[in-house]
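Trainee: What follows is a single structure, and I will ask about it in a moment.
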Amino acid sequence: MRADYDELAKTIGALTEGETDSVALMATLVCELHHADDRFDWTGFYRVTAPELLKIGPYQGGHGCLVIPFDRGVCGAAARTGETQLVDDVEAFPGHIACSSSTRSEIVLPVWTGAGRLLGVLDIDSDLPGAFDATDAKALAAILKTTFERAE
């Protein structure tokens with residue numbers, strides 16, 4: 001099953017209405033996303049906790065990496081550049097960090113507050129190659145923007 005992003009956005013909006021705590025928002029969002037799409041093998045957030053450093057936040061799936069510097073991996077690239085990373089084949093991505101041997105492709109999106117502060121990144125891994133596309137990127141970015149525009 002593929003995510004129905006319009007329905008997912010409505011559900012997430014209803015569940016998070018009035019919430020400003022970023023960790024609470026992350027936990028709710030990741031739970032809804034992870035169970036909405038069969039392609040999503042690992043779904044989670046990495047939070048900016050120090051300059052140029054990401055630490056694991058709320059997630060669903062197997063264990064993730066605990067710490068990721070901005071200069072390493074797909075998550076680091078998304079945090080460093082502020083741009084969504086669509087990776088069809090993780091083995092072909094220079095500096096990829098193999099947190100799970102089952103990951104074949106991933107999408108990582110930066111997460112911003114309404115004030116323009118980088119909170120972290122949303123990382124979704126798939127055990128299928130080429131699992132994500134521009135449609136996923138656009139829909140997920142819209143959900144993130146709406147959800148975190150009021151975050152602390």
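Just so you know, all these numbers are worked out from the coordinates, no wet-lab data involved. Note that this is a predicted model, so its numbers are computed, not measured. Heads up, the Cβs are rebuilt from the backbone with ideal geometry, glycines too, and the neighbour counts pull from every protein chain shown.
Trainee: If you put +1 on each Lys and Arg Cβ and -1 on each Asp and Glu Cβ, how big is the dipole of region 62-152 around its Cα centre, in Debye rounded to 20?
Mentor: Computed charge dipole of region 62-152: roughly 380 debye.
Trainee: Here's something else I'd like to know. What are the GluC sites (Glu not before Pro) within region 66-132 that DSSP puts in a loop, where the Cβ has at most 13 other Cβ atoms within 10 Å?
Mentor: Glu83
Trainee: Then there is this: Given Thr16, Ser100, Thr113, which one lies farthest toward the positive end of the charge dipole of the chain, if we put +1 on the Cβ of every Lys and Arg and -1 on the Cβ of every Asp and Glu?
Mentor: Thr113
Trainee: Might you list the cysteines of the chain that have no disulfide-compatible partner by the rule of another cysteine's Cβ under 4.7 Å?
Mentor: Cys31, Cys75, each lacking another Cys Cβ under 4.7 Å.
Trainee: Tell me, what ³J(HN,Hα) does each residue in region 87-96 have, in order and in whole Hz, if you take phi through Karplus 6.51 cos²θ - 1.76 cosθ + 1.60 with θ = phi - 60° and put x for Gly and Pro?
Mentor: Rounded to whole hertz, the list is 10, 6, 9, 4, 5, 8, 8, x, x, 4.
Trainee: With a cut-off of 8 Å between alpha carbons and a minimum separation of six or more residues, what is the relative contact order of the chain in percent?
Mentor: Dividing the mean separation by the residue count of the chain yields 24 percent.
Trainee: Counting only helical runs of four or more DSSP H residues, what would the 222 nm mean residue ellipticity of the chain come to if each run contributes -39,500 (n - 2.57) and the total is spread over all its residues?
Mentor: Result for the chain, helices only: -10000 deg cm²/dmol.
Trainee: What's the local net charge at Ala151, with K and R +1, D and E -1, over the other residues with C-beta under 10 Å away?
Mentor: So the surrounding residues net to -2.
Trainee: Could you name the lysines in cross-link range of Lys55, using Cα to Cα under 24 Å and dropping any fewer than eight places away on the same chain?
Mentor: Lys145
Trainee: Which residues make up the longest stretch of the chain clear of trypsin sites (Lys or Arg not before Pro) that lie in a DSSP loop with no more than 13 other Cβ atoms within 10 Å, not counting the sites?
Mentor: 3-116
Trainee: Here is a follow-up. Summing Lys, Arg as +1 and Asp, Glu as -1, what charge do residues with Cβ under 12 Å from the Cβ of Ala77 carry, Ala77 excluded?
Mentor: Counting the neighbours of Ala77, the net charge comes to -2.
Trainee: Continuing with this model, one more query. Hey, what's the per residue convex hull volume over the C-alpha atoms of region 5-148, in cubic angstrom?
Mentor: With only Cα atoms used, region 5-148 gives 94 Å³ per residue.
Trainee: Next question, about the same structure. Quick check on the exposure proxy: order Val74, Val121, Val67 from fewest to most C-beta atoms within 10 angstrom.
Mentor: Ordered by Cβ neighbours within 10 Å, fewest first: Val67, Val74, Val121.
Trainee: In terms of modelled amide H atoms, which long-range or inter-chain residues lie less than 5 Å from the amide H of Phe70?
Mentor: Those lying under 5 Å, H to H, from Phe70 are Leu53, Leu54.
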